[in-house]
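**Student:** Okay, here's the structure, questions in a sec.
The values are calculated or read from the model by the stated rules, or taken from the named source; none is laboratory data. Only a predicted model underlies this, so the values are computations on that prediction, with no experimental measurement involved. With ideal geometry, Cβ positions are generated from the backbone for all residues, glycine too; neighbour counts draw on all protein chains shown. The accessibility values were calculated without ligands, DNA or RNA, using every heavy atom of the protein model including side chains. Shrake-Rupley method; radii C 1.70, N 1.55, O 1.52, S 1.80 Å.
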Amino acid sequence: MAGGEGRIGELGALTEEQVARMLDGMNEVIRAGEEARRLRAEMITVLAGLGWTQDRIAGLTGMSQPAVSKQVAKGRDGEDAASPMALTLDQYDAPWLEGRLWALAEDVSERCGEDARCARHVDALARGRKRFTPAVVDELRRLVEEDLRRHRDALPGAHRAAYDEIGRGFDIPPKTTAAPASSASVRRALAHRIQRDRLRGDGEDREGRED
């Protein structure tokens with residue numbers, strides 16, 4: 001009994017600030033998980049629209065084929081049932097540009113390590129601690145530009161070229177007003193993946209030529 005009361009007393013001595021920090025960490029993980037599930041569900045619909053078979057999607061997602069089939073049917077019934085989207089980098093809606101910027105910052109952070117000024121922002125975005133608000137995007141642009149200047153000799157030229165193109169996209173809004181069919185989170189994720197692969201390919205090609 002006495003031992004139990006001691007443990008309770010210790011827990012009771014926690015401050016509100018300590019409990020808030022502890023629960024914030026838990027809530028962060030829960031939010032990230034919920035967002036990842038929503039993104040996966042939307043991505044399944046996009047892949048199906050691009051012609052991927054349900055069996056193939058099930059194998060890649062670790063889901064059962066009936067679960068994938070249910071999600072595909074749900075996506076088709078939704079208001080945002082999308083036609084196949086273009087998967088080229090030269091698209092200029094904000095979520096697509098944000099995904100490209102995120103990928104660029106992530107690659108700079110990995111190549112430059114702790115010396116990258118954008119590293120903390122990249123980590124916060126990956127953990128869901130920051131969202132893609134205009135203020136966060138502007139700050140990330142500033143930090144990436146600073147890293148490109150400070151680490152110019154260590155980074156492939158493709159990084160500066162990508163940054164310049166992304167910056168022009170943000171600064172000169174597209175003339176078309178048609179809204180993309182897929183959600184912002186899906187477009188951001190796709191642009192992030194495509195830009196990462198492009199940067200790595202360009203960087204490896206350049207390193208190979210220089211050898």
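**Student:** Given Cβ point charges of +1 (Lys, Arg) and -1 (Asp, Glu) and nothing else, what value in debye, to the nearest 20, does the dipole of the range 13-81 about its Cα centre take?
**Tutor:** Values: 9 positive and 11 negative charges, 86 e Å.
So the dipole magnitude of the range 13-81 works out to roughly 420 debye.
**Student:** Something else about it: At a 1.4 Å probe, what is the % contribution of carbon and sulfur to the accessible area of the range 90-156? It would help to have the intermediate numbers written out before the result.
**Tutor:** Working: 1460 of 3390 Å².
The computed percentage sits at 43.
**Student:** Relative contact order for the range 101-200 using alpha-carbon pairs under 8 Å, separation at least 6, rounded to a whole percent? Please list the in-between numbers first.
**Tutor:** Working: 63 pairs, mean separation 37.5, N = 100.
Relative contact order here is 37 percent.
**Student:** With a 1.4 Å probe and all protein chains left in place, how much accessible area per residue does the range 96-136 have, in Å²?
**Tutor:** On the way: 1940 Å² over 41 residues.
Value returned for the range 96-136: 47 Å² of accessible area per residue.
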